[in-house]
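Please read through the structure below; I'll follow up with questions.
The values are calculated or read from the model by the stated rules, or taken from the named source; none is laboratory data. Given the structure is predicted, the values throughout are model-derived calculations rather than measurements. No Cβ is skipped: glycine too gets one built from the backbone with ideal geometry, and neighbour counts run over all protein chains shown. With ligands, DNA and RNA removed, areas are computed over all heavy atoms of the protein, side chains included. Shrake-Rupley method; radii C 1.70, N 1.55, O 1.52, S 1.80 Å.
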Amino acid sequence: MRAADLVIVGTGHGGAQAALALRQHGFAGSILMIGRDSVPPYERPPLSKEYLAGEKPFERLLIRPPQVWAEREIELLLETNVRALDPAAKTLAVSGGETVSYGTLVWAAGGDPRRLSCPGALLPGIFAVRDKADSDDIAAALAAGARRAVVVGGGYIGLEAAAVLTKLGCEVVLVEMLDRVLARVAGEDLSRFYEAEHRAHGVDIRLGAEIEAVEGDDRVTGVRLVGGETIACDLVVVGIGIVPAVGPLIAAGAAGANGVDVDEFCRTSLPEVYAVGDCAAHANSYAGGAVIRLESVQNANDMATTAARAICGEPQPYAAVPWFWSNQYDLRLQTVGLNFGHDATVLRGDPRSRSFSVVYLKGGQVIALDCVNRTRDYAQGRKLVEARATIAPDALRDPEVPLKDLL
């Protein structure tokens, strides 16, 4: 049996940051990280952007040089899945039949890509964008001559993939079942702007479109929509969210409905078991106290640091302001705060200039901003979100007035 004082399940941003933060805060025991990937911890956001486009080599995605893990006495157990958890015995059953015992467990397993459920969903030529192997498989399909792509899902992953595939010379059709892209995360001003940008770059966006089946014999040849139209294609990229990878935790009795529930110190309901990142459902003050999961690098890193501090006897509740980003074409979108429940928006600047911000208000308070090519608004708007500042919409609307002057 393999044993460690502290075991981390997951080698993404949350797992890597948990290990590093534990050492920074004085944890002297043995640390073992278990991950499904075959390579050391690496950044995930570039997988649908610079890495897929061939602009950034994999070595530049590594969170730390490989030797750092050994130098900090952090052992990596790669290409390994956790199959079951016994919280009473404090053991994990992992692939290959091995058992791993722990003193404390940090679950940072993230999530698995949500798959299509229609006929033909298992055909070769259908890809997600969740790990290095996914992006490598898409690149291999392109190298083999694939040039017609259907992207399923109009969220950030789908839009980023559409932008890169277009840049690489593909004909791209993007299929979104809702009536606008980014419908779950952004207001209509931002949605319509990105729809126009993608169409201007040649992406054929189909809104309110639902997939009936994926067609093909030994490989994808087309996507059939409800209504009968078939879109011919050589590959399909699916970006319709994730399923939190918490099966062993829930089976072991951990509380959770959408992911696994954690308290303000990232503790689950199981003894000596913490959870961080995409899979961890927590009450978030920037969402009005609602229990949510946040899928972002910021959240993974900050939750990991929270868990590490608690484990090391320096408890500090998780209270980080959420932020996100997305690069598409020459557009840099930076978001701060959460627009949940907003009852008004203020458009700051002209979208036709390709540099503007959308400010979200709730009860008169600034709760979030989406900033397109306006880094100054993003940096200064963060202060407004943190302060829950109440500011007149007319004052926010003038892009020539610095937001810091309104606080």
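Keeping to pairs on different chains or 8 or more places apart, tell me how many lysine pairs in the chain have Cα atoms under 14 Å apart. Let's see the in-between values first.
On the way: LYS49/LYS132; LYS49/LYS167; LYS56/LYS132; LYS383/LYS404.
Qualifying lysine pairs in the chain: 4.
Something else about it: What is the Cα coordinate range of the chain on the first, second and third principal axes, sorted by size from largest, in whole angstrom?
60, 59, 37
Reported to two decimal places, what Rg/Rh ratio describes region 113-187 when computed on Cα atoms with Rh from the Kirkwood expression?
Working: Rg = 12.6 Å, Rh = 13.2 Å.
When Rh is taken as the Kirkwood radius, the ratio is 0.96.
If you don't mind, another one. Determine the gain in length on full extension of the stretch ALA213-ASP86; use 0.36 nm per residue of separation and subtract their C-alpha separation, reporting nm with one decimal. Could the numbers behind the result be given before it?
Working: separation 127, 0.36 × 127 = 45.72 nm, distance 4.04 nm.
Here the answer is 41.7 nm.
Moving on. Let me know the charge dipole size of region 297-397 about its Cα centre in debye, to the nearest 20, where only the beta-carbon of Lys, Arg (+1) and Asp, Glu (-1) is charged. Working shown, then result.
Values: 12 positive and 9 negative charges, 47 e Å.
In total the dipole reaches around 220 debye.
Shifting gears a bit: Relative to the Cα centre, what is the charge dipole magnitude of region 154-247, using +1 at the beta carbon of each Lys and Arg, -1 at the beta carbon of each Asp and Glu, and rounding to the nearest 20 debye? Intermediate values should be presented prior to the final figure.
Details: 8 positive and 16 negative charges, 49 e Å.
Computed about the Cα centre, the dipole is about 240 debye.
In nanometres, what is the gap between the two model label sites at ALA133 and GLU314, each 7 Å from Cα along Cα-to-Cβ?
Distance between label points: 3.7 nm.
Further question: So how do HIS13, HIS25 rank on accessible area, 1.4 Å probe, biggest first, that is with the largest at the start?
Final ranking, largest accessible area leading: HIS25, HIS13.
Could you give the length gained by full extension between GLU171 and ALA392, i.e. 0.36 nm per residue of separation minus their alpha carbon distance, to one decimal place?
Working: separation 221, 0.36 × 221 = 79.56 nm, distance 4.47 nm.
Between GLU171 and ALA392, full extension yields 75.1 nm more.
Here is a further query. Sort the following peptides by mean Cβ neighbour count (other Cβ atoms within 10 Å, averaged over residues), highest first: 33-41, 214-222, 180-188. Let's see the in-between values first.
Values: 33-41: 21.1, 214-222: 16.4, 180-188: 18.7.
Ranking, from highest mean packing down: 33-41, 180-188, 214-222.
Rounded to the nearest 500 deg cm²/dmol, what is the calculated helix-only ellipticity per residue at 222 nm for the chain, with -39500 (n - 2.57) per DSSP H run of length n ≥ 4? Spell out each step's value before the answer.
Details: 9 runs with 93 residues, N = 407.
Theoretical 222 nm ellipticity from helices: -7000 deg cm²/dmol.
In sequence order, what are the phi-derived ³J(HN,Hα) couplings for region 215-227 according to the Karplus relation 6.51 cos²θ - 1.76 cosθ + 1.60 with θ = phi - 60°, rounded to whole Hz, with x for glycine and proline?
9, x, 9, 9, 6, 4, 10, x, 10, 9, 8, 4, x
Using the Cα centre as the reference, give the magnitude of the dipole from point charges on the C-beta atoms of the chain (Lys, Arg: +1; Asp, Glu: -1; all else neutral), rounded to the nearest 20 debye. Don't skip to the end; give the middle numbers.
Values: 40 positive and 51 negative charges, 116 e Å.
Dipole of the chain, to the nearest 20 debye: 560 debye.
Using R₀ = 30 Å, calculate the FRET efficiency as 1/(1 + (r/R₀)^6) where r is the Cβ-Cβ separation of ASP405 and ALA283; round to 0.05. It would help to have the intermediate numbers written out before the result.
Values: r = 33 Å, r/R0 = 1.11.
Efficiency, from the Cβ-Cβ distance: 0.35.
Accessible area per residue, 1.4 Å probe, Å², for the chain: what's the number? Display every interim value, and only then the final one.
Numbers: 16920 Å² over 407 residues.
That works out to 42 Å² for each residue.
Show me the three semi-axes of the equivalent ellipsoid for region 282-327, from the C-alpha gyration tensor (sqrt of 5 times each eigenvalue), largest first, rounded to whole Å. List each step's numbers first, then the result.
Values: eigenvalues 80, 40, 11 Å².
Taking √(5λ) for each Cα gyration eigenvalue gives 20, 14, 7 Å.
Sticking with this one: When the Cα centres of region 132-203 and region 1-24 are compared, how far apart do they sit, in Å?
34
Is the shape of region 186-309 best called rounded, prolate or oblate, per the rule: a/c under 1.5 gives rounded, else a/b larger than b/c gives prolate, else oblate, with a ≥ b ≥ c the square roots of the Cα gyration tensor eigenvalues? Kindly include the intermediate steps, with their values, before the conclusion.
Numbers: a/c = 3.05, a/b = 1.85, b/c = 1.65.
Because a/c hits 1.5 or more and a/b exceeds b/c, region 186-309 counts as prolate.
Here is a further query. Shape verdict for region 144-223, please, from the Cα gyration tensor: rounded (a/c under 1.5), prolate (a/b greater than b/c) or oblate. All intermediate terms of the calculation are to be shown ahead of the outcome.
Working: a/c = 2.54, a/b = 1.46, b/c = 1.75.
Verdict is oblate for region 144-223.
Name the long-range amide H neighbours of LEU174: under 5 Å, sequence gap of 5 or more, or other chain; modelled H, no Pro or chain starts.
VAL151, ASP204, ILE205, ARG206
Please list, in chain and number order, the residues 5+ apart from ILE63 or on another chain whose amide H is under 5 Å from its amide H, with Hs placed from the backbone.
Hits under the 5 Å cutoff: TYR42, GLU43.
Can I ask one more? Can you find, among VAL346, LEU168, PHE265, the residue farthest towards the positive end of the dipole of the chain? Put +1 on the C-beta of Lys and Arg, -1 on that of Asp and Glu.
Of VAL346, LEU168, PHE265, it is VAL346.
While we're here: Could you tell me which residue out of GLY187, VAL203, LEU159 lies farthest along the dipole of region 95-249 toward its positive end? Charges go on the beta carbon: Lys and Arg +1, Asp and Glu -1, centred on the Cα centre.
GLY187
OK, next. Once the dipole of the chain is set up with Lys and Arg at +1 and Asp and Glu at -1 on Cβ about the Cα centre, which of ALA252, ALA53, ASN81 lies farthest towards its positive end?
After comparing all options, I get ALA53.
List the residues whose amide H sits under 5 Å from the amide H of GLY241, counting only those 5 or more places along or on another chain, with H placed 1.01 Å from N in the peptide plane.
Excluding prolines and chain starts, which carry no amide H, the hits are ARG114.
Applying a 10 Å radius around every beta-carbon, put 313-321, 103-111 in order of their mean neighbour count, most first. Walk me through the numbers before you get to the answer.
Values: 313-321: 13.6, 103-111: 25.6.
Per-residue mean Cβ counts within 10 Å order the peptides as 103-111, 313-321.
Okay, moving on. Which percent, nearest 5, of DSSP beta bridges in the chain are antiparallel? Walk me through the numbers before you get to the answer.
Numbers: 46 of 81 bridges.
Counting DSSP beta bridges with both partners in the chain, the antiparallel share is about 55 percent.
Between GLU75 and LYS56, what length in nm is gained on full extension when 0.36 nm per residue of separation is reduced by their alpha carbon distance?
Details: separation 19, 0.36 × 19 = 6.84 nm, distance 2.70 nm.
Taking 0.36 nm per residue and subtracting the Cα distance, the gain is 4.1 nm.
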